[in-house]
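First up is the structure itself, then whatever we jot down about it.
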Amino acid sequence: MAHEELHLNLRNLSLEDYSQLKHLMNRVYDDIGGSWPKTTIDALVEQFPDGQICIEESGELVAVALTVCVKYDRFSNPHTYDDLIMKNEKIRHDKDGDSLYGLDVFIHPDYRGYRLGRRLYEARKELCRSMNLRAILAGGRIPNYSKYSDQYKPEEYIERVNRREIYDPILTFQLANDFQVTRLMRKYLPEDEKSLGYATLLEWRNILFAPPSSILQVKKTQVRMGAVQWQMREFSSVEEVLRQVEYFVDALSDYKSDFALFPEFFNAPLMGLTDQIDQTRAIRFLAGFTEQFRDQMSDMAVSYNINIITGSMPLIENDRAYNISYLCHRDGRVDEQRKIHITPHERRDWVIEGGDKFEVFDTDAGRVAIMICYDIEFPELGRIAALKEVDIICVPFWTDTKNGYLRVRHCAQARAIENECYVVITGSVGNLPKVENLDIQYAQSSVFSPSDFAFPHDAVLAETTPNTEMVMFSDLDLEKLTLIRNEGAVTNLKDRRTDLYTLKTV
């Protein structure tokens with residue numbers, strides 16, 4: 001039949017479908033007993049109607065998937081087909097089960113080649129996700145094994161099918177639909193002579209499964225990121241800077257942002273209050289305010305119910321200078337991240353040293369890493385963050401020229417793609433002629449995503465107007481990250497060649 005002549009309809013089975021279903025099962029399973037009795041099918045439809053899925057073509061049943069709910073802990077272990085069927089030939093359906101069990105999928109021989117099985121499997125996966133179930137389990141026959149049993153043990157046969165050296169009509173199909181073989185089961189269906197009674201225990205995991213928990217304990221999957229593109233201006237006091245900070249925190253909070261991200265060295269205009277001849281002394285003067293900024297911005301995080309990433313500031317510890325960012329949680333906790341890679345300018349003019357510890361922080365709105373400006377240009381840090389299951393990388397930066405800015409931007413976008421996460425960058429703008437080394441700024445703050453169908457075509461979720469003071473908002477869907485890492489067009493993290501290279505940290 002030509003494709004243009006098909007009129008396919010995916011729907012749930014009804015009690016009235018039995019006569020057609022019986023005819024189809026008898027045709028497909030003439031070697032293992034044919035169709036199930038009407039009472040069995042009626043019970044399935046009545047107990048779990050959503051799990052019984054079929055495809056009809058011009059009113060004729062041509063493909064069917066039969067499904068029940070089971071307990072994962074029981075049926076993820078070896079079992080037989082009889083464990084699913086009671087003496088009266090009714091199928092065991094556990095309405096409180098946490099997983100689906102694929103009883104059967106069968107296709108009319110004349111309609112094989114139209115990928116109807118894939119449609120049924122996708123419908124099952126959507127059902128599993130919508131019901132927030134843990135997995136889909138199935139016992140899979142291996143009907144071609146009898147042809148190879150004198151050459152291979154069943155485990156060897158399965159491995160060769162997995163490597164596509166042997167074709168098996170059921171196992172090859174299951175593997176192509178993202179199912180994993182977890183066990184070999186013996187005497188699963190003894191009358192299945194083609195499989196010699198063997199079967200594979202197959203599993204498809206619902207990566208979006210969330211175990212039942214208190215509503216207050218559920219972490220957000222929809223996160224609103226707010227960032228400040230900060231105007232460098234003269235300030236006469238620390239209090240004046242903090243009033244400007246609070247203005248932006250208040251504004252971002254009003255729009256229900258989960259985060260407020262500030263730029264690197266956003267409070268640097270305060271160096272204009274001291275002598276600019278000695279740059280080392282000027283940066284240490286600025287560091288004298290860091291504790292006050294940290295404490296007051298932490299108070300703002302609690303008061304305005306928003307997590308604040310404080311850009312970065314200089315810190316003096318044991319007479320050594322560092323460039324540090326604080327993550328002020330809205331529950332009052334404070335984490336810190338020191339800049340790891342120090343630019344030649346920071347090292348030469350301010351004698352700043354690099355930190356030696358890199359963290360990914362748990363927040364109530366995802367797992368967050370902070371890479372201060374130059375750090376984002378080193379792919380190793382992004383990969384470490386990815387291995388620690390980062391969701392969002394925040395990059396407070398300061399750049400004076402457009403080419404400097406573009407280094408940060410292009411590297412940030414690369415980190416988002418290769419590590420399958422969101423990357424947010426924000427910087428400062430304007431001129432500051434009275435502060436040495438900070439006289440000009442260039443910035444266009446942006447939010448980058450992985451590059452796949454679930455995201456914008458250019459992988460840019462939001463960006464500001466260049467060189468203009470403003471705030472930026474972007475809504476980040478953390479569930480999309482979970483999906484792309486497992487089912488994306490490409491899966492960068494899964495496909496790393498760890499047999500050839502590894503990343504080690506000291």
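Values quoted throughout were computed directly from the atomic coordinates according to the rules given, and no laboratory measurement underlies them. Note that the coordinates shown come from a computational prediction; the quantities given were computed from them, not determined experimentally. So basically every Cβ, Gly included, is an ideal-geometry build from the backbone, and we count neighbours across all protein chains shown.
Here are a few things to note about the model shown:
- Projected over every direction and averaged, the convex hull enclosing the alpha-carbon atoms of region 3-205 yields 11.1 nm².
- Under DSSP loop assignment and at most 13 Cβ neighbours within 10 Å, longest GluC sites (Glu not before Pro)-free interval of the chain: 235-506
- Two-decimal Rg to Rh for region 129-234 - Kirkwood Rh, Cα set: 1.35
- For region 338-384, the list of chymotrypsin sites (Phe, Trp or Tyr not before Pro) that fall in a loop by DSSP and count at most 14 other C-beta atoms within 10 angstrom is empty.
- For region 223-291 versus region 308-358, the gap between their alpha-carbon centres in whole angstrom: 14 Å
- Helix-only CD estimate at 222 nm, as mean residue ellipticity for the chain, using -39500 (n - 2.57) per DSSP H run (n ≥ 4): -8000 deg cm²/dmol
- Against the chain, whose longest principal axis comes from its Cα atoms, helix 18-28 is set at around 90 degrees.
- Relative contact order of the chain, pairs being alpha-carbon contacts under 8 Å that are 6 or more residues apart, as %: 10 percent
- Hydrodynamic radius of region 223-487 per Kirkwood, over alpha carbon pairs, in Å: 18.2 Å
- Unit Cα scatterers, Debye sum, the chain: log10 I(q)/I(0) for q = 0.10, 0.13 Å⁻¹: -0.83, -1.11
- Structure note, pairs K402/K434; K256/K339; K90/K187; K38/K147; K38/K153; K220/K504: Cα-Cα distances above 26 angstrom occur for K256/K339; K38/K147; K38/K153; K220/K504.
- Inter-part distance where region 390-467 and region 68-130 are each reduced to a Cα centre, Å: 47 Å
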